[in-house]
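To start, the structure itself, in structure tokens.
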Amino acid sequence: MKEKGNAVVKHRMRQSLGSRIFDVCNVIFMLSLIVVILIPLLHVVSASFSNPSSYVRHEGLMLHPVDFSLEAYKAVARNKNIFTGYMNTIFIVAVGTTISIIATLIAAYCLSRKNVMWTNILMMGIVFSMYFNGGMIPFYLVVKGVGLNNSIWSLIIPPAVSTYNLIIMRTAMVSVPDSLEESAKLDGASHWTILWKIMVPLVKPTIAVICLYYAVSNWNSWFNAMLFIRDKAGYPLQLVLREILLQNDTSAMTAGAGADDYLISETIQFATIVVATLPILTIYPFIQKYFVKGVMIGAVKG
């Protein structure tokens, strides 16, 4: 332990003046970045817990609630669209992520096999589609043509497979030794058995990362819902939030407030943001390590 302490002291003594200046500047920059990120979040949370009339009279950033009040959250609880949006989003995340990961696993396995014809050509086409696509209008016409318009499945099936996630999964499967597959074939295993009994257990960390990517993408998705969903009962949470923030549609939450409609609508917007983002903010600290690992996996050449 004493030798380790001496080594640390010697290392610090060897640091040049430039290294020390860099460390100090790095710490200052990171602290500034944390402050820039936290202040808007603190303002949103504080405003959501403030009295509506007090918030309107307040000027500048709000770092703590003014006249603590739960009126905004009570109004949000009265909005049936928020609850419906939550249920729709949970369904999209659960079912969509399951379908996406199964489709990605099967496609990645096929593309990672060396005895599959035209694998390189297929990969070139897949990578090409990642940078170039037909555009929004052809995409809308295709979804409408197959009968998915105004259906929650239009938010699950079309974006089921992400090209980037597929490439990450294929890279992980390519790194699995060929000898394992050859041994399984000698024992009479089919490709289906090899995929689920050998590949899936060996690439579990990658599968965890891809599941997180798909889940977060489905949770934050709103653009496809804006294109295809016409019935408000089918709106996901993010589209409900968009209506409240951009179109200032708080009529479902301010009914009966009378002259205070405008005042309450100001804090309702902040309360809705907190309600919509709280699940991700709560879960993210526990899954951050998987996102970092996902970046490292994507950097491996396959």
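The values are calculated or read from the model by the stated rules, or taken from the named source; none is laboratory data. As the structure is a prediction and not an experimental result, all values here were calculated from the model. Here the Cβ is made from the backbone with ideal geometry for all residues, glycine too, and neighbour counts use every protein chain on show. We work out accessible area using only protein heavy atoms, side chains counted, and drop any ligands, DNA or RNA first. Shrake-Rupley method; radii C 1.70, N 1.55, O 1.52, S 1.80 Å.
If I ask for residues that are open to solvent by 90 Å² or more (accessible area, probe 1.4 Å) and among the hydrophobic types (A, V, I, L, M, F, W, C), which ones from segment 169-192 would you list?
Leu186, Trp192
Here is a check on your reading of the model: is Tyr140 part of a helix (DSSP H, G or I), under 19 Å from Ala103 (Cβ atoms) and touching a helix residue (DSSP H, G or I) at 6+ places or on another chain (Cβ under 9 Å)?
no
If you go through segment 103-133 one residue at a time, how many are open to solvent by 70 Å² or more (accessible area, probe 1.4 Å) and free of Cβ contacts under 8 Å to residues at least 24 places away in the same chain?
11
Considering only segment 151-174, how many residues are over 30 Å from Ile194 (Cβ atoms) and touching a Ser or Thr at 6+ places or on another chain (Cβ under 9 Å)?
Residues that pass the stated criteria total 1.
Being surrounded by 10 or more Cβ atoms within 10 Å (Cβ to Cβ), within 29 Å of the chain's Cα centre (by Cα), modelled with pLDDT under 85 and among the aliphatic types (A, V, I, L, M) is true for just one of Leu38, Leu42, Leu61, Leu31. Which residue is that?
Just a single option satisfies the conditions, and that option is Leu61.
So, Leu148, is that one over 30 Å from Met199 (Cβ atoms), open to solvent by less than 60 Å² (accessible area, probe 1.4 Å) and at pLDDT 85 or above or not?
Judged against the criteria, Leu148 is a match.
Among the residues of segment 43-72, what is the count of those that are farther than 12 Å from Glu266 by Cα and outside any loop (DSSP other than H, G, I, E, B)?
Residues meeting the conditions: 3.
Which residues, counting only those in segment 162-193, are closer than 30 Å to Ser217 by Cβ and more than 34 Å from the chain's Cα centre (by Cα)?
none
Looking at Leu227, Leu195, Leu237 in this structure, which one is within 23 Å of Pro279 (Cα to Cα), touching a Phe, Trp or Tyr at 6+ places or on another chain (Cβ under 8 Å) and open to solvent by less than 60 Å² (accessible area, probe 1.4 Å)?
That would be Leu237, the only listed residue that is within 23 Å of Pro279 (Cα to Cα), touching a Phe, Trp or Tyr at 6+ places or on another chain (Cβ under 8 Å) and open to solvent by less than 60 Å² (accessible area, probe 1.4 Å).
Tally the residues that are touching an Asp or Glu at 6+ places or on another chain (Cβ under 9 Å) and among the β-branched types (Val, Ile, Thr), restricting the search to segment 15-43.
0
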